[in-house]
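Working notes for the structure below.
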Amino acid sequence: MPRAAGPGPIAAPAAGEDRPFGVYVHVPFCVSRCDYCAFATWTDRFHLAERYVAACVAEIRRAPTGWPPSAGALSGGVAPPPAGWPAGVPRPASSVFFGGGTPSLLPARLLGQLLSAVPISRGAEVTVECNPDTVDTATLRSYADVGVTRLSFGVQSMVPHVLRALGRRHDVEAARAAVRAASAAGFAGRYSVDLIYGAAGESLEDWRATISAVLALDPPPAHVSAYALTVERGTPLAADRSRHPDPDDQADKYLLADELFAGAGLRWYEISNWAAPGAECRHNQLYWRQGEYLGVGCAAHSHARVRHPVAVAGVGGSRRWWNVRTPERYVDQVESGRSVVAAGEVLTPAEQRLEALQLSLRTRAGVPGTALAGWREDPALDGLLATAPGDRAVLTARGRLLASEVALRLHASPAPR
Amino acid sequence: MRRGAVTLPPAPQVAGIVAAASKPAVVLIAAKIGAATAPGLRAPHCSRTGRDRRDRSRPFTRRKNRHHGRDIVDLHRIRNLSVVAHVDHGKSTLSDRILELTGAVDAREMREQFLDSMDIERERGITIKAQNVRVHWRGYTIHLIDTPGHVDFGYEVSRSLAACEGVVLLVDAAQGIEAQTLANAYQALEHDKEIVAVLNKIDLPAADPDRYAGEIERVLGVPADQVLRISAKTGEGVAELLDVICERIPPPSGEADAPLQGLIFDSYYDQYRGVVSAVRIVNGTLVSGTRLRFMQTGRTHEVEEIGIRAPANVAVAELGPGEVGYLIAGIKDVGEARSGETVTTAAHPASEPLEGYQDPKPMVFCGLYPLEGDDFADLRDALEKMRLNDASITYEPETSGALGFGFRCGFLGLLHMEIVRERLEREFDLSLIATAPSVEYRARLTDGSTVEVHNPSEMPEPQALEWIEEPFLTATILTPAEYTGTLMDLCQNRRGDMVRMEYLSPERLELVYRIPLSEVVIDFFDALKSRTKGYASLDYEPAGWARADLVKIDILLNSVPVDAFSAIVHRSAAHDYGRRMTERLRELIPRQLFDVPIQAAIGGRIVARETVKAKRKDVLAKCYGGDITRKRKLLEKQKEGKKRMKNIGRVEVPQEAFIQALRLEE
Ligand SMILES: Nc1nc2c(ncn2[C@@H]2O[C@H](COP(=O)(O)OP(=O)(O)OP(=O)(O)O)[C@@H](O)[C@H]2O)c(=O)[nH]1
Ligand SMILES: C[S@@+](CC[C@H](N)C(=O)[O-])C[C@H]1O[C@@H](n2cnc3c(N)ncnc32)[C@H](O)[C@@H]1O
Ligand code: SF4
Ligand SMILES: [Mg+2]
């Protein structure tokens, strides 16, 4: 049972600890809303941008409720952080991710304000999601100047009628132009492309064309995320059954993508992510590894490892919480000194195990061999899992498509722990 | 008069009423009670969960201080009647007007179809349980029983008749005589009850009272000028009807000083008070606190409380001959005090019990299974209590490979089956799966023995089978003449043989068919209604057995037969059943990790096949902004869903698929 996140004792970080830590900043503004999109974003509130960024900065500095070690935990013999250290960040961030919405609507000046509020470790990864139609070389240069190291372009498709079916504002040429601008601004080899497959009217050949065009971009991306179009509750897409994707068609497209990306040297490292070796997104990997991160801004999620109050010594627990959904609520709460946390949960060890299985199964790292017993006994899992070095089990391409089913079956089987 | 009797001046003389007018009227207890109460004899709503609607109306004891010495009513000033009619002809609405006009329910508490107090009745707009209520009219005490009109609940009508001397037969003045009008009229005549024929709904623009008064005269033999004309909606003519009731319906007969004979004509189980019965006193006097003997079971119990429904419960000290009331005797065993039981006193028992009831034979059977296996004992308990309130249901334990432990239950018809199931779920907080309804068959085996087959799994192997018989009905259809062709078609398709065809009037026709019950049970009624724009009506009664070419059809999931989906059908309909069931299951069974064949087979021969293709993708593509919680919750939900699935031949079948597949076509 999830519980509201109470002020449980949090393991204070040892000084100089090098466990990764991420900061996610949510930018809830878009020029228009795509009808498949259910993210917390608005098209009529950009006037809040300055106040919103200021609120985010304030929140990072004080984080009154969420993140930081409680005074009690800190007094347990661990040195308190130096004066002026932002309370929301336990140790320097190894990654920062500006997600949206459309973060590229923010001028570099505001990105810079946010970045200077966060202590960042050397060599940290700093990503900004960009819609292709919002950027040019000058903007991207200014992003680089304030510390951005990586861009993620929402390209979605390279086929005109598919872009239209998705209701995107940009065209194929805008995507190419954005990549050229990125290259000119020094992001060659440090940009990623987001794709969606399964839009109404998209044939397998259309999808192949999109992938070929992406791989032929100049310079080519070292990282691609390809997402199966998902029908999210409450979106206009959800209301129009005629445009709902066919899961079998999406399965075909997934297998095709996996094959073509692999051929181009991009190997899968998470169900929907492919990268050249070393170009994996560090920030997103935190999510799969049950790592720690602070979510800043409205609707952002945070995660801290905690010692579960009732667990025996050494059994780590985990606390997840999330912020109020709308930017105006968020700004209001911060400005009036109240908590921005909407709700949260402390995971039980059982919940944590299921989560760990579910998340690591999505990745190239796979799951430890202890989960293998169940696999061997279940004929239905034939061909869905393969062994990997270090006594691990990793999903095959076919298995990745059925990751939920596999996770449930492994979870249900009595594997030694 | 006995001790403490309070007398009132004689009742005002009502025009035309002579009987008993000269006798002093006896005081009538003030029946008006502040709080709206659930009237009548109803099983408590959700007795297990405590959401008991009767809680408010459980003042059985609280009202005791209302005893005003003696309550016995002069026999000659009692009128006991049932309101009977075809479905929807306005019985409950007439009861409303009577409750209002007699002041039994005041305007503030009034609502439409007041006596339909069960939620299912209100939702469906039909009466399911007969309901008795006492009202007072110009010095008379009237016990009125509102009865259901639907053919499945005919048993309620016949039980009610035993507590009455007459009936008010309502006929919709815009529709005329319908099938249940006839059935009810015949029942009343058979039992020698006075019939007051009444045309209702004369306020409707389409009403044609002259025409239908003529029809009533021709068909039922009631002179047209004696047919009353009322509107239960506006109240027009209702006061006159009450006068006519007092005038024409004979008073009950009975001896106040004879040994007690009271007929229990309805009972239900109250979680606090035990069995609560509706009782009609035939002879003698039922006195609070005495020890009673229940003549069928031979048990004795002390009266805890007796009272009347007016329509709220009012405790009284005595009930005399001709009176109708309720009886509580602290009975916790639901096998006692059932409908048809006679109560007498332990001290001076009557020599003979009253004629009880013949429990009707169930016509339709289905398996009822608890969704959660643990609820089996609760289901048995619920069925026992339900049977107290509805003697027409039967049940016997049975086991299904697919569904576990449950009961094979018998009902009077499909609506009855649906209603009982719903009542079990609501009143006892159960979730049930019902298997496909089927009738009872009789099989003669090659070894000369005969077996009854209530369930496809009891069907003998073809090699062992000499022949098999199915039950038949005599179905009476009343229809506007223009639909004769299409109805004859329908009956023929359903293997019916015409017995008779008769004009009731130039435009209305009575068609009588001999037809297999199995063909009528499922969707015949709906087909009849849709072919005649709702104008035809149907009544039926059992008409023996006849041999037929019947086969058992099995449904196989991944090559494993699923007993819950088997059926016995006429050979000519077998393919159709197989095709429909496999198609439906293909829609209902979620895709698995492998292809799942769904087959229909007759004696090992496959007659239909569908395949649920293996699923290829179930994963969520996106895991964004660190919202891991939502993902985990989704997986946990899937995990819960898996727990609720039954594994059949390695196939995970959700409970919902059973429910949907076995649900009758709407
Ligand atoms: N216009 C008009 N409508 C009426 C009259 N009497 C009843 N109705 C309507 O007819 C419908 C059926 O009335 P009920 O009183 O429920 O009929 P019923 O005979 O008790 O029906 P069952 O108990 O299901 O057999 C309701 O919609 C009533 O409002 C009437 O006199 N005039
Ligand atoms: C939150 S969006 C922000 C990026 C940017 N605003 C854009 O749309 O280009 C991140 C990515 O999620 C993916 N996405 C959004 N809605 C989706 C949906 N309903 N199904 C699948 N992917 C979706 C898109 O590929 C998108 O690039
Ligand atoms: S641009 Fe991106 S974030 Fe904005 S509505 Fe479209 S998909 Fe959603
Ligand atoms: Mg009614």
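Taken together, the criteria place B:PHE265 among residues that are aromatic (Phe, Trp, Tyr), open to solvent by less than 40 Å² (accessible area, probe 1.4 Å) and touching a Phe, Trp or Tyr at 6+ places or on another chain (Cβ under 9 Å).
Which residues, taken from region A:164-199, are within 16 Å of ligand 3 (Cβ to nearest atom) and touching a helix residue (DSSP H, G or I) at 6+ places or on another chain (Cβ under 7 Å)? Steps first, please.
Step one: list which residues in region A:164-199 are within 16 Å of ligand 3 (Cβ to nearest atom), which gives A:164-171, A:174-175, A:178, A:192-199.
Matches in region A:164-199: A:ARG169, A:HIS170, A:ASP171, A:ALA174, A:ALA175, A:ALA178, A:VAL193, A:LEU195, A:ILE196, A:TYR197, A:GLY198, A:ALA199.
Return a yes/no flag: does region B:383-397 have any residue that is at pLDDT 95 or above and open to solvent by less than 30 Å² (accessible area, probe 1.4 Å). Yes; the residues of region B:383-397 include at least one that is at pLDDT 95 or above and open to solvent by less than 30 Å² (accessible area, probe 1.4 Å). Of all the listed residues (B:ASP74, B:ASP172), the sole one being away from ligand 4 (no atom under 12 Å from the Cβ) and open to solvent by 10 Å² or more (accessible area, probe 1.4 Å) is B:ASP74.
Given (1) at pLDDT below 90; (2) under 19 Å from the mean Cα position of the chain (by Cα), identify the lone condition not met by B:GLY404. That leaves (2) as the condition not met.
Across region A:261-282, the number of residues qualifying as part of a helix (DSSP H, G or I) and surrounded by 20 or more Cβ atoms within 10 Å (Cβ to Cβ) comes to 1.
With respect to the conditions (1) hydroxyl-bearing (Ser, Thr, Tyr); (2) open to solvent by 20 Å² or more (accessible area, probe 1.4 Å); (3) in contact with a helix residue (DSSP H, G or I) (Cβ under 8 Å, 6 or more places away or on another chain), B:THR435 falls short on a single one, namely (2).
Table: residues versus (1) open to solvent by less than 10 Å² (accessible area, probe 1.4 Å); (2) within 16 Å of ligand 3 (Cβ to nearest atom); (3) under 25 Å from B:ILE281 (Cα atoms).
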position: B:HIS89; (1), (2), (3): yes, no, no
position: B:LEU94; (1), (2), (3): yes, no, no
position: B:LEU101; (1), (2), (3): no, no, no
position: B:ARG111; (1), (2), (3): no, no, no
position: B:GLY125; (1), (2), (3): no, no, no
position: B:LYS129; (1), (2), (3): yes, no, yes
position: B:ARG138; (1), (2), (3): no, no, yes
position: B:THR141; (1), (2), (3): yes, no, yes
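Taking the criterion of being touching a helix residue (DSSP H, G or I) at 6+ places or on another chain (Cβ under 8 Å) and either at pLDDT 95 or above or more than 28 Å from B:ARG77 (Cα to Cα) (or both), would at least one residue in region B:315-331 satisfy it? No; the residues of region B:315-331 include none that is touching a helix residue (DSSP H, G or I) at 6+ places or on another chain (Cβ under 8 Å) and either at pLDDT 95 or above or more than 28 Å from B:ARG77 (Cα to Cα) (or both).
Each residue in region A:7-32 was checked for being open to solvent by 70 Å² or more (accessible area, probe 1.4 Å) and either within 16 Å of ligand 1 (Cβ to nearest atom) or modelled with pLDDT of 95 or more (or both), and 1 of them qualify. Checking the stated criteria, A:GLN285 turns out not to satisfy the condition of being touching an Asp or Glu at 6+ places or on another chain (Cβ under 9 Å), crowded, with 17+ Cβ neighbours inside 10 Å, at positive phi and not basic (Lys, Arg).
Of the residues screened, B:ASP210 is one that is open to solvent by 50 Å² or more (accessible area, probe 1.4 Å) and in a helix (DSSP H, G or I).
Residues in region B:603-642 that are more than 16 Å from ligand 2 (Cβ to nearest atom), of a type in the set (Lys, Arg), farther than 30 Å from B:HIS575 by Cα and out of contact with any helix residue (DSSP H, G or I) (no Cβ under 9 Å at 6 or more places or on another chain): B:LYS633, B:LYS637. Restricting attention to region B:560-576, the residues that are open to solvent by 30 Å² or more (accessible area, probe 1.4 Å) and either modelled with pLDDT of 95 or more or under 31 Å from the mean Cα position of the chain (by Cα) (or both) total 3.
Checking each residue of region B:187-203 against the condition of being among the small types (Gly, Ala, Ser), buried (at least 16 other Cβ atoms within 10 Å of the Cβ) and in contact (Cβ under 8 Å) with a residue 40 or more places away in the chain gives at least one match.
Of all residue pairs spaced 6 or more apart or on separate chains, those with beta-carbon atoms under 6 Å, a first member in region B:77-106 that is over 23 Å from B:PRO251 (Cα atoms) and a second member that is of a type in the set (Val, Ile, Thr) are B:HIS86/B:THR181; B:SER92/B:THR127.
A:THR387 - would you say it is part of a helix (DSSP H, G or I), closer than 30 Å to A:ARG400 by Cβ and either more than 14 Å from every other protein chain (Cβ to nearest Cβ) or open to solvent by 50 Å² or more (accessible area, probe 1.4 Å) (or both)? Write out each step before concluding.
Working: part of a helix (DSSP H, G or I): no; closer than 30 Å to A:ARG400 by Cβ: yes; either more than 14 Å from every other protein chain (Cβ to nearest Cβ) or open to solvent by 50 Å² or more (accessible area, probe 1.4 Å) (or both): yes.
Against the criterion (part of a helix (DSSP H, G or I), closer than 30 Å to A:ARG400 by Cβ and either more than 14 Å from every other protein chain (Cβ to nearest Cβ) or open to solvent by 50 Å² or more (accessible area, probe 1.4 Å) (or both)), A:THR387 does not qualify.
Take B:GLU587 and decide whether it is touching a helix residue (DSSP H, G or I) at 6+ places or on another chain (Cβ under 6 Å) and away from ligand 2 (no atom under 16 Å from the Cβ). Before you say what the answer is, go through the steps one by one.
Details: touching a helix residue (DSSP H, G or I) at 6+ places or on another chain (Cβ under 6 Å): no; away from ligand 2 (no atom under 16 Å from the Cβ): yes.
No: the conditions fail for B:GLU587.
Screening B:ILE306 with (1) aliphatic (A, V, I, L, M); (2) assigned to a loop (DSSP other than H, G, I, E, B); (3) free of Cβ contacts under 8 Å to residues at least 40 places away in the same chain gives one miss only, at (2).
Pull up region A:133-152, narrow it to residues that are over 19 Å from the mean Cα position of the chain (by Cα) and either assigned to a loop (DSSP other than H, G, I, E, B) or within 16 Å of ligand 3 (Cβ to nearest atom) (or both), then point me to the one that is farthest from the other protein chains (Cβ to nearest Cβ). Give the steps one after another, and end with the answer.
Step one: filter region A:133-152 for residues over 19 Å from the mean Cα position of the chain (by Cα), giving A:133-147.
Next cut, either assigned to a loop (DSSP other than H, G, I, E, B) or within 16 Å of ligand 3 (Cβ to nearest atom) (or both) only: A:133-136, A:147.
Working: A:ASP133: 21, A:THR134: 19, A:VAL135: 21, A:ASP136: 26, A:GLY147: 21 Å.
Once the filter is applied, the top-ranked residue is A:ASP136.
For region A:224-252, taking the residues that are farther than 27 Å from A:VAL128 by Cα and within 11 Å of chain B (Cβ to nearest Cβ), the one that is surrounded by the fewest Cβ atoms within 10 Å (Cβ to Cβ) is identified as A:ASP246.
Looking only at residues in region A:339-351 that are open to solvent by 30 Å² or more (accessible area, probe 1.4 Å) and closer than 16 Å to A:VAL296 by Cβ, the one that is nearest to the other protein chains (Cβ to nearest Cβ) is A:ALA342.
Give region B:80-96 a look and list any residue that's outside any loop (DSSP other than H, G, I, E, B) and either within 9 Å of ligand 4 (Cβ to nearest atom) or at pLDDT 95 or above (or both), or say none. Working first, answer last.
Taking region B:80-96 first, the residues outside any loop (DSSP other than H, G, I, E, B) are B:80-85, B:91-96.
The answer is B:ASN80, B:LEU81, B:SER82, B:VAL83, B:VAL84, B:ALA85, B:LYS91, B:SER92, B:THR93, B:LEU94, B:SER95.
Against the condition touching a residue at least 12 places away in the same chain (Cβ under 8 Å), within 16 Å of ligand 1 (Cβ to nearest atom) and either touching an Asp or Glu at 6+ places or on another chain (Cβ under 6 Å) or assigned to a loop (DSSP other than H, G, I, E, B) (or both), how does B:GLY235 come out, does it pass? The answer is yes for B:GLY235.
Would you point out which residue out of B:VAL607, B:VAL612 is modelled with pLDDT of 90 or more, surrounded by 15 or more Cβ atoms within 10 Å (Cβ to Cβ), away from ligand 4 (no atom under 16 Å from the Cβ) and closer than 21 Å to A:GLY399 by Cβ? Show your work before the answer.
Values: B:VAL607 fails: closer than 21 Å to A:GLY399 by Cβ.
Exactly one residue qualifies, and that residue is B:VAL612.
Looking only at region B:270-283, which residues are surrounded by fewer than 24 Cβ atoms within 10 Å (Cβ to Cβ) and part of a strand (DSSP E or B)? Scanning region B:270-283 gives B:ASP270, B:GLY274, B:VAL282, B:ASN283.
The values are calculated or read from the model by the stated rules, or taken from the named source; none is laboratory data. These numbers come from a predicted model, not from an experiment. Quick reminder, even Gly has a Cβ in these numbers, built from the backbone with ideal geometry, and neighbours come from all protein chains shown. To get the accessible areas, we keep the full protein, side chains included, count just its heavy atoms, and leave off ligands, DNA and RNA. Shrake-Rupley method; radii C 1.70, N 1.55, O 1.52, S 1.80 Å.
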